[in-house]
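See structure below.
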Amino acid sequence: MPPIWKVLLVALLMTASAAQARILGIEITATEPFAAGRDFGAGPYRIIRGIARGALDPNDPRNAVIEGLNLAPRNAAGLVEYTTQFEILRPEDPARASGRLVHEVTNRGRKMIFAYLQDATAPQPAMNAMAAGAVGNALALRLGHTLVWNGWDPDVPREGGSLTITLPELNHVIRTIRDEFVFGVRLGGDGLAAPLSYPLADANPALARLTVRRGRADAPRDIAFEYAGPQAIRLPGGAAFEPLSIYEFRYPAMGARPLGMGFAATRDLVSHLRHAGAGSPVADIPIAGVLAVGISQSGRYLRHHLGLGMNADEAGRRLFDGMLVHIAGAGRVFINEAFAQPNRTATWHEDFSFPENWFPMAHAASEDPVSGETAALLRGDGSDPVILEVNTSTEYWQKGASLIHTDPAGLRDLPEPANVRHFLMAGTKHGGRAGLTTARGGCVNPNNPHSSGPLLRALLVALDDWATRGMAPPASRVPRIADGTLVSAAAVLEAFPPVPGAVRPPFATPIAPVLDWVAGTRGDERAWRPLVPAVDADGNERAGVLLPDLAVPLGTQTGWNIHAGAGLAAEMCDREGSFFAFAETRAARDAAGDPRLSLAERYGAVGRPRDRVVAAADSLVAARLLLPEDAAAFVAAARP
């Protein structure tokens with residue numbers, strides 16, 4: 001075992017200037033062989049767990065974008081300190097490592113790469129713990145990559161192996177803020193108490209207000225409440241909060257922290273690892289490139305990271321060479337202001353009036369019709385990475401994904417920057433991954449089980465080739481205004497076939513700036529105009545990446561569904577999708593009144609014919625949008 005694994009604590013006396021990454025100490029808290037020393041193709045792997053202690057200079061211009069940093073307590077050197085948990089999964093033998101650091105930004109403290117890119121179906125705590133059977137097909141390990149995670153949100157749950165960060169509190173900062181609770185989808189529990197995002201600054205109930213409404217368009221009404229401790233409320237008499245209803249609570253809060261420090265902590269830790277800083281657990285691996293992966297909330301984190309200029313470290317060096325951003329839509333994270341709530345994700349029914357979208361939304365320059373400003377996410381200063389951005393149908397319907405490649409008014413396609421490619425994973429919902437079923441859950445329509453995993457695996461390989469070898473990536477595949485494949489939601493709903501039993505949404509979720517998140521007011525929802533993918537006669541999307549199981553469909557697959565709860569007929573069911581199977585025979589579809597061709601009419605029998613699957617798979621492999629091993633799996637599942 002190399003001597004580095006025997007080091008339990010490395011104290012680093014940093015004398016570098018403020019223009020360098022400020023990691024003050026690395027504490028290795030645990031190391032262990034991964035999967036009992038199994039060789040995945042690059043030799044055995046090892047898990048390393050630790051804590052990084054860092055400090056930021058509030059006077060450094062690169063840190064000036066962090067809201068509240070100048071108000072935070074400082075150490076004797078005038079710096080603001082933090083500690084962040086980190087975990088590393090690396091090859092035991094540095095000679096067999098690929099030289100790639102793959103930094104997955106954690107999603108609410110969780111590891112998502114195993115489920116979304118490697119088809120793991122284990123419980124989330126097992127994936128967080130990197131249990132031997134919880135990493136799926138182990139693609140990244142077969143490639144010899146080193147995986148890195150760290151905490152950036154101090155409020156993630158401490159149980160279940162989530163990674164967190166410790167940040168200083170802004171003393172004497174008190175403000176009236178707003179919380180929202182919707183039990184039954186994202187918020188679990190028995191509904192007897194609602195947790196508050198921040199501690200109460202004053203428990204006088206006259207200073208607070210609780211309202212409820214059933215649907216987003218309903219008027220809120222005041223109801224009574226009681227405090228259930230310093231950071232929770234309950235309803236009087238032991239009543240439970242009604243599932244799926246929208247509760248909003250305004251109250252005086254304290255405990256604000258400069259949450260934007262999470263961006264700088266990630267920046268400085270990754271820079272420290274990349275440049276073999278003292279005590280680095282990967283200092284013996286020559287680093288040829290650093291790739292970032294962000295999924296959903298963590299994809300929005302990466303977009304925010306770009307917007308804040310965090311892809312240059314404190315010495316001005318590029319941090320991530322490439323980014324794979326999945327299901328982020330046009331959004332960022334509600335984090336870089338006092339009393340922010342980064343766990344929020346805006347949809348029509350939940351978190352609708354919490355900040356998520358700021359101009360600019362596109363990587364290319366465009367003009368904002370609201371402010372008149374012209375800007376782009378990319379900075380053009382040498383710090384920009386190469387970027388592969390992937391969204392599903394859900395993000396077009398609910399997260400404004402079209403606005404990353406059109407102008408904000410939705411009138412024209414934007415020119416594509418040389419270092420960016422965009423992809424629509426057609427016919428797929430937000431959380432599309434392996435192991436899903438058509439079970440309705442809390443939705444009206446059968447759910448959409450389609451997985452984005454095969455595309456994401458191919459794009460991870462393509463991103464490495466692009467970022468480290470200069471090999472041109474696959475061409476973008478998204479719907480476009482110019483060719484009629486990107487249209488209004490009204491046009492799609494009008495064209496959608498009258499599938500028996502299908503319940504459709506009334507509109508796509510509007511995207512607008514939030515003017516005052518405490519009051520819950522938004523800007524003009526006509527200024528930013530999201531568009532959605534056009535559909536064919538079956539209701540399937542015409543553009544984007546069509547994996548073989550969509551190119552040879554067995555039904556209609558969408559990125560939207562509708563809540564099944566009473567009084568919610570117009571509310572989209574979180575970020576779920578729908579699957580409407582084709583009838584097996586002409587007689588069956590005639591009996592049901594289904595206008596779509598039956599399987600027998602399409603393919604001569606039930607199931608996907610192998611020749612058509614082979615043709616679809618071969619085309620995607622040639623375009624580097626499908627790995628040969630995944631193509632073989634699609635073919636093996638087809639009908640002879």
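For the reader, a short list of remarks on this structure follows.
- Residue, most open to solvent (accessible area, probe 1.4 Å), within segment 570-595, restricted to residues that are closer than 22 Å to residue 532 by Cβ, part of a loop (DSSP other than H, G, I, E, B) and in contact with a strand residue (DSSP E or B) (Cβ under 7 Å, 6 or more places away or on another chain): 576
- Among the residues listed as 388, 302, 411, 378, the single one being over 22 Å from residue 515 (Cβ atoms) and in contact with an Asp or Glu (Cβ under 7 Å, 6 or more places away or on another chain): 378
- For segment 463-497, filtering for residues that are assigned to a loop (DSSP other than H, G, I, E, B) and among the β-branched types (Val, Ile, Thr) leaves 3.
- In segment 66-121, residue least open to solvent (accessible area, probe 1.4 Å) [restricted to those that are among the acidic types (Asp, Glu) and farther than 19 Å from residue 287 by Cα]: 119
- Of the criteria (1) open to solvent by less than 20 Å² (accessible area, probe 1.4 Å); (2) at negative phi, which one residue 230 fails: (1)
- Among the candidates 48, 4, residue that is among the aliphatic types (A, V, I, L, M), modelled with pLDDT under 95, crowded, with 16+ Cβ neighbours inside 10 Å and not in a loop (DSSP other than H, G, I, E, B): 4
- Residue in segment 408-427 that is of a type in the set (Asp, Glu) and closer than 22 Å to residue 482 by Cβ present: yes
- Subset of segment 173-194 [touching a residue at least 24 places away in the same chain (Cβ under 8 Å), outside any loop (DSSP other than H, G, I, E, B) and open to solvent by less than 60 Å² (accessible area, probe 1.4 Å)]: 177, 178, 179, 180, 181, 183, 194
- Residues in segment 28-45 that are in a strand (DSSP E or B) and open to solvent by 50 Å² or more (accessible area, probe 1.4 Å): 29, 32, 33.
- Filtered residues of segment 154-172 (kept if touching a strand residue (DSSP E or B) at 6+ places or on another chain (Cβ under 7 Å) and either surrounded by fewer than 19 Cβ atoms within 10 Å (Cβ to Cβ) or part of a loop (DSSP other than H, G, I, E, B) (or both)): 154, 162, 163, 164, 166, 167, 168
- Strands (runs of 3 or more DSSP E) wholly inside segment 242-334 containing at least 1 residues that are among the basic types (Lys, Arg) and either within 22 Å of residue 470 (Cα to Cα) or open to solvent by 20 Å² or more (accessible area, probe 1.4 Å) (or both): 246-253
- Scanning segment 381-439 for residues that are under 15 Å from residue 473 (Cβ atoms) and hydrophobic (A, V, I, L, M, F, W, C) yields 386, 387, 388, 390, 418, 420, 423.
- In this structure, residue 136 does satisfy being open to solvent by 10 Å² or more (accessible area, probe 1.4 Å), in contact (Cβ under 8 Å) with a residue 40 or more places away in the chain and either closer than 24 Å to residue 464 by Cα or assigned to a strand (DSSP E or B) (or both).
The values are calculated or read from the model by the stated rules, or taken from the named source; none is laboratory data. Only a predicted model underlies this, so the values are computations on that prediction, with no experimental measurement involved. Note that we place each Cβ from the backbone using ideal geometry, even for glycine, and neighbour counts take in every protein chain shown. Calculation scope for accessible area: heavy atoms of the full protein, side chains included, ligands and nucleic acids excluded. Shrake-Rupley method; radii C 1.70, N 1.55, O 1.52, S 1.80 Å.
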